[in-house]
1. Looking only at the stretch 99-116, which residues are in contact with a Ser or Thr (Cβ under 7 Å, 6 or more places away or on another chain), open to solvent by 10 Å² or more (accessible area, probe 1.4 Å) and modelled with pLDDT of 90 or more?
2. How many of the residues in the stretch 22-44 are open to solvent by less than 20 Å² (accessible area, probe 1.4 Å) and farther than 16 Å from T110 by Cβ?
3. Can you tell me which residue among I132, I124, I128 is modelled with pLDDT of 95 or more and surrounded by fewer than 16 Cβ atoms within 10 Å (Cβ to Cβ)?
4. Restricting attention to the stretch 45-72, report how many residues are farther than 19 Å from K105 by Cα and crowded, with 16+ Cβ neighbours inside 10 Å.
Amino acid sequence: MRVDKVNYYLDIAQTVAERGTCLRRNFGAIIVKNDSIIATGYNGAPRGRVNCCDAGECTREKLNVPRGQRYELCRSVHAEANCIISAPRTEMLGSVLYLACLDAKSGALTGDTEPCAMCKRLIINAGIERVIVRNSAEKFTEYIVNDWITNDTSLAGSEGY
């Protein structure tokens, strides 16, 4: 049986996540427009800096910081951000970002996730139209980026800093 196009791209994003260097969760992102992959990205320390997996420690984990909080303590650049900075904006306008997340310890797929508040801002400014996040091997959640603009939760201070 042939895999559908959405899961084909999510499979690629999941493979990209295997390059992630986080000790908690590894994300892989790809941007696709007109059936062409424009860019890929995974989470890891900025070029030239030591990755958490190489250092053997995660500051957020060491401090017991809950998931989704205190990203300023994280060494990594998020997968979505790495993907966006690798592509020209003109090619991202109207594109789709596919995102997959793996648990760093088990390698198991982690569903029920979405881009953080900062990555949402980057996605909006990049001109990406939709974000599709893998929940399981065949199921996914689709986010319409324009909804993040119209339902701006940052005004209420509820973006989870």
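The values are calculated or read from the model by the stated rules, or taken from the named source; none is laboratory data. Since the structure is predicted, the reported quantities are computational estimates derived from the model, not experimental observations. FYI the Cβ positions are ideal-geometry reconstructions off the backbone, even for glycines, and counts take in every protein chain you see. Side chains are part of the model used for accessible areas, which takes the heavy atoms of the whole protein and leaves out ligands, DNA and RNA. Shrake-Rupley method; radii C 1.70, N 1.55, O 1.52, S 1.80 Å.
1. L102, D103, L109
2. So the count comes out to 6.
3. Selected residue: I124, the only one of I132, I124, I128 that is modelled with pLDDT of 95 or more and surrounded by fewer than 16 Cβ atoms within 10 Å (Cβ to Cβ).
4. 1
So that you can scan it fast, the table gives a plain yes or no per residue for (1) within 14 Å of I38 (Cα to Cα); (2) in contact (Cβ under 8 Å) with a residue 12 or more places away in the chain:
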site	(1), (2)
S86	yes, yes
M92	yes, yes
A108	no, no
C119	no, yes
R130	no, yes
N135	no, yes
K139	no, yes
N146	no, yes
